[in-house]
Structures are given as C-alpha cells and as structure tokens.
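Have a look at this one.
The values are calculated or read from the model by the stated rules, or taken from the named source; none is laboratory data. The model shown is predicted, which means the values in this text are computed figures rather than measured ones. Here Cβ is always computed from backbone atoms with ideal geometry, including for glycine, and neighbour counts include all displayed protein chains. Protein only, heavy atoms only, side chains kept; ligands, DNA and RNA dropped before computing areas. Shrake-Rupley method; radii C 1.70, N 1.55, O 1.52, S 1.80 Å.
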Amino acid sequence: QVQLVESGGGLVQTGESLRLSCAASGRTFGSYNMGWFRQAPGKEREFVAAIHWSRGDTNYADSVKGRFTISRDNAKNTVNLQMNSLKPEDTAVYYCAATRVWTIPTMKTTYEYWGQGTQVTVSA
C-alpha cells in the first residue's frame, strides 16, 4: 500500500516556476515507478512525466519537454516536478501516481495509487 500527498501548487504568472513535491508512505516506495498527471477543468486527465524506480529513466509529455523535470529521492520517499517557464495552458490540478509497471508509463490506467492533487494556476 502506498499513500501519496502532493504539495507545492499555487498561483504564478506566465514564465515563472513552481516545484511540486509528492511525499509517499510505505516501505516499498523505492520499487514503484512514479508519474505526474494533470487535469484541467472540462478535460481528461493527461500524462505529464514519469520516472523509473531504479534506472532513473524518464518520460515526458511533448507539451512539457524542456520545461519540466521529474526527479525522485528514494531515501526520502519523495518525487518532485520542477516546472519552469510556466504557461497559462499548464493550469490544472496536478496528481502524483505510483505503479509497479513501466510498460506504458504514459497511461493513467497503468497507475495503482493516486494522490489527492494540488492546484497550479498560471495567470497570463
């Protein structure tokens, strides 16, 4: 069982940065691949980024490549999402998720556990 709690969301202006964190509970956090998803009002939840549990392999949505960076610290049971050069279209609730499967890390159905989400709002 893994419990996930996101933090770090807020209101920023276009071009600014935010760093989201996801704190995980559970002894086996280090064996879970971690992902970030987001959901804007009226839209489907979409993939943002993912990181393999041990190799450090990462995967990003095209819309955030070069601007967002996912990282993890297995010793601290945390995964972070550094978001730079934010745009109004990045406005959404951001969710942290965990899965033991790495086959298709971009698919939300791959993930077993989800956090409650943190709001990110980027003003024009």
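Find all pairs meeting these conditions: Cβ atoms under 8 angstrom apart; at least six residues apart or on different chains; first residue within the stretch 1-19 and closer than 12 Å to residue 87 by Cα; second residue of a type in the set (Ser, Thr, Tyr).
Matching pairs, first to second residue: 11/121; 11/123; 12/121; 12/123; 13/123; 14/123; 15/85; 17/85.
Among the residues of the stretch 101-124, write down those that are over 13 Å from residue 18 (Cα atoms) and touching a Lys or Arg at 6+ places or on another chain (Cβ under 8 Å).
Listed by number, the residues that qualify are 108, 112.
Can you confirm whether the stretch 62-70 contains a residue that is of a type outside the set (Phe, Trp, Tyr), modelled with pLDDT under 95 and farther than 15 Å from residue 121 by Cβ?
No - not one qualifying residue is present in the stretch 62-70.
Take residue 72 and decide whether it is charged (D, E, K, R), in contact (Cβ under 8 Å) with a residue 12 or more places away in the chain, in contact with a strand residue (DSSP E or B) (Cβ under 7 Å, 6 or more places away or on another chain) and under 16 Å from residue 110 (Cβ atoms).
Spelling it out, it is not the case that residue 72 is charged (D, E, K, R), in contact (Cβ under 8 Å) with a residue 12 or more places away in the chain, in contact with a strand residue (DSSP E or B) (Cβ under 7 Å, 6 or more places away or on another chain) and under 16 Å from residue 110 (Cβ atoms).
Residues in the stretch 57-73: is at least one open to solvent by less than 40 Å² (accessible area, probe 1.4 Å) and on the phi > 0 side of the Ramachandran plot?
Scanning the stretch 57-73 turns up no residue that is open to solvent by less than 40 Å² (accessible area, probe 1.4 Å) and on the phi > 0 side of the Ramachandran plot.
Then there's this: Residues being under 15 Å from residue 39 (Cβ atoms), aliphatic (A, V, I, L, M) and over 10 Å from the mean Cα position of the chain (by Cα): count how many of those fall in the stretch 68-92.
1
Quick test for you: out of 68, 37, 29, 47, pick the one residue that is in contact with a Gly (Cβ under 8 Å, 6 or more places away or on another chain) and of a type outside the set (D, E, K, R).
Residue meeting the stated conditions: 47.
While we're here: If we scan the stretch 78-99, do we find a residue that is touching a helix residue (DSSP H, G or I) at 6+ places or on another chain (Cβ under 9 Å), touching a residue at least 60 places away in the same chain (Cβ under 8 Å) and open to solvent by 50 Å² or more (accessible area, probe 1.4 Å)?
Looking through the stretch 78-99, none of the residues is touching a helix residue (DSSP H, G or I) at 6+ places or on another chain (Cβ under 9 Å), touching a residue at least 60 places away in the same chain (Cβ under 8 Å) and open to solvent by 50 Å² or more (accessible area, probe 1.4 Å).
Right, another one. Using beta carbons and a limit of 8 Å, which pairs, at least six apart or on different chains, have the first residue in the stretch 101-118 and loosely packed, with under 15 Cβ neighbours inside 10 Å and the second one among the polar types (S, T, N, Q)?
Here the result reads 101/33; 101/110; 103/110; 104/110; 112/99, each pair linking the stretch 101-118 to a residue that is among the polar types (S, T, N, Q).
Within the group 98, 92, 75, which residue is under 20 Å from residue 4 (Cβ atoms), touching a Lys or Arg at 6+ places or on another chain (Cβ under 6 Å) and among the small types (Gly, Ala, Ser)?
92
Related question: In the stretch 22-54, which residue that is buried (at least 16 other Cβ atoms within 10 Å of the Cβ) and without any contact (Cβ under 8 Å) to a residue 60 or more places away in the chain is farthest from residue 82 (Cα to Cα)?
Going through the qualifying residues, I end up with 53.
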